[in-house]
1. Counting only residues 5 or more places away or on other chains, whose amide H sits under 5 Å from the amide H of Ser416 once H atoms are built in the peptide plane?
2. How many nm is it between the label spots at Glu22 and Asn435, if each spot is 7 Å from the Cα in line with the beta carbon?
3. Listing Arg508, Arg143 from the residue with the fewest other Cβ atoms within 10 Å to the one with the most, what is the order?
4. Can you tell me the relative contact order of the chain? Whole percent, Cα pairs under 8 Å, sequence separation 6 or more.
5. Let me know the shape class of region 65-173, please: from the alpha-carbon gyration tensor, a ≥ b ≥ c as square roots of the eigenvalues, rounded when a/c is under 1.5, otherwise prolate if a/b is greater than b/c, or oblate.
6. Using Cα pairs closer than 8 Å and at least 6 residues apart in sequence, work out the relative contact order for region 462-562, in percent.
7. In whole Hz and in residue order, list the ³J(HN,Hα) couplings for region 270-279 that follow from phi through the Karplus curve 6.51 cos²θ - 1.76 cosθ + 1.60, θ = phi - 60°; x for Gly and Pro.
8. Separation between the Lys411 and Ser326 pseudo-spin-labels, each 7 Å from Cα along Cα→Cβ, expressed in nm?
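Nothing in this text is a laboratory measurement; each read-out follows from the coordinates by a stated rule. Because the structure is predicted, anything quoted here is derived from the model rather than measured. Backbone-built Cβ (ideal geometry, glycine too); neighbour counts: all protein chains shown.
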Amino acid sequence: MSSVQPEVLQATAVDANLKSYEEARRTFDWSEVEKAFSWHTTGKVNMAYEAIDRHAEAGLADKIALYYSDANRREAVTFGQMKANSNKFGNVLRKLKVAKGDRVFIFMPRTPELYAALLGTIKIGAIVGPLFEAFMEQAVRDRLEDSEAVAIVTTPALLPRVPVRDLPHLRHVVVVGDSAEVGAEHVDFYKEMEQASEELAIEWMDREDGLILHYTSGSTGKPKGVCHVHNAMIQHYYTGKIVLDLKQDDIYWCTADPGWVTGTSYGIFAPWLNGVANVVRGGRFKPEDWYGTIVDNKVTVWYSAPTSFRMLMSAGDDLVKQFDLSSLRHVLSVGEPLNPEVIRWGLKVYNHRIHDTWWMTETGGQLICNYPSMDIRPGSMGKPIPGTEAAILDDSGNVLPPNRMGNLAIKTPWPSMMRKIWNNPAKYEEYFRMNGWYVSGDSAYMDADGYFWFQGRVDDVINTSGERVGPFEVESKLVEHPAVAEAGVIGKPDPLRGEIIKAFISLRAGFEPSDELKADIAKFVKLGLAAHAAPREIEFKDKLPKTRSGKIMRRVLKAWELGLPTGDLSTIED
Ligand code: WT7
């Protein structure tokens with residue numbers, strides 16, 4: 001009997017910004033949220049203005065906007081300084097004749113310069129494309145080529161991965177580094193910034209004008225450029241209030257890199273639109289450094305990912321006891337399924353319920369969430385934010401009743417919904433094929449009380465450590481290796497990373513399977529694409545299962561891996 005009752009963790013927060021989820025669902029109206037912004041009266045929009053300048057001009061110029069630290073550097077930047085620095089970078093770009101609507105990429109590790117450059121790009125109305133620093137040449141080329149970017153901001157260390165000669169649209173390479181390391185053909189970031197004015201005439205935008213491009217993977221084809229517009233700020237601001245529960249005195253830390261959508265929507269826009277101090281920790285994950293970041297900055301609201309929580313969990317309970325984490329007030333997670341076990345552990349060692357949130361690169365902002373004032377059912381992603389509607393659809397687009405598994409879908413539109421896939425209207429339309437619904441590609445069910453439960457991906461997209469990897473991209477890189485004839489790539493369940501990338505490979509004539517060859521192939525992907533896209537496991541096969549049209553059947557590879565029946569093989573080659 002008790003086993004069918006869901007586990008419930010009672011709501012604890014009495015002073016949350018969202019007092020009653022049920023009431024908000026009944027009364028909520030997006031047009032009320034818009035009144036928080038200056039454009040409510042002027043009609044002129046700029047995300048960077050609303051996030052930074054608006055606060056600087058309203059008496060918060062000396063408030064800390066950014067607490068930055070890494071192993072060698074510690075710095076605090078006020079809203080006033082961030083306004084000045086981003087203005088300067090806007091002027092640097094204008095001097096280079098970069099204009100409204102142009103694409104400017106930012107390819108560098110997290111530092112205060114990255115944030116000034118990103119905001120400055122937005123201030124002149126250009127569309128910013130943040131790139132994760134682990135990307136190798138091919139990944140960089142694909143994105144700059146597809147978007148026809150005119151400029152890139154990078155560092156001397158990453159510069160060799162920017163294939164300048166192959167990119168005819170790329171006019172400027174801005175290098176953030178010591179002048180001695182900046183070549184004559186490049187723009188010296190620090191030198192130009194020193195000369196640039198702190199005054200900038202902001203480019204006032206339409207709400208529907210382009211803001212940011214995040215490339216993300218699907219199960220087929222090259223990565224897709226998901227384009228968001230300035231209007232998204234409505235959702236960033238509102239979810240910052242009711243999901244992150246941000247209040248004026250909070251010290252907020254989102255652990256994601258701006259190369260991924262979490263690192264921009266919730267690592268830049270949501271906290272700053274709410275005028276809240278934002279913590280950025282540079283460098284790689286290390287449990288001691290992470291706890292130290294919470295202690296040093298007295299972090300109150302912490303947004304991270306299941307993989308990180310699982311790694312912290314495996315670092316042990318004793319480590320937690322060495323740090324005073326009592327500043328924490330609200331903890332959240334996103335990116336992959338949050339295991340009930342991790343929630344129970346979080347309650348034990350942090351004395352906090354970890355609040356799961358669900359959304360995607362394409363949705364631009366949080367959609368299905370757990371709120372401080374709502375009971376948590378561990379294993380559930382929560383309920384749709386007020387002002388949005390989620391449902392489970394069958395494959396014909398009919399809404400299914402509770403407890404039936406199907407396609408997780410969101411009623412369109414919502415403020416932060418993507419507005420196009422760059423250069424690919426057909427791909428964009430595919431998401432909206434079911435009358436008035438956005439189809440997520442996730443499968444889920446809704447219980448009788450309206451909680452949503454994630455079940456898996458409908459397609460072959462891999463989620464490893466919260467990072468989305470398209471099998472096709474990895475396969476394409478694998479077959480460039482001289483020894484590889486054919487390759488099929490799947491996600492293999494993994495206790496720490498959620499999934500790991502596993503490649504099944506058939507070799508060309510003349511090559512023999514060996515551990516050295518496996519290591520060499522993995523390294524080839526790591527150096528050619530990105531470290532997180534490299535297969536952690538490789539298995540050699542004489543032949544791979546293919547359809548008669550020659551498509552590798554990943555479904556069969558997955559069944560082999562899991563020891564499951566292979567299902568319908570009627571389309572297999574022989
Ligand atoms: C996919 C989107 C935007 C957040 C970072 C990932 C999976 C995301 C959850 C969750 C289970 C989740 C889904 C989704 N996912 N959040 N709370 N529980 N799965 O963004 O790279 O666009 O990936 O991540 O499969 O479709 P993304």
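1. Gln235
2. 3.2
3. Fewest to most other Cβ atoms nearby, the residues stand as Arg508, Arg143.
4. That works out to 13 percent.
5. In terms of gyration-tensor shape, oblate.
6. 28 percent.
7. 3J(HN,Hα) across region 270-279, in whole Hz: 4, x, 6, 4, 8, x, 9, 5, 10, 9.
8. Here the modelled spin labels are 4.7 nm apart.
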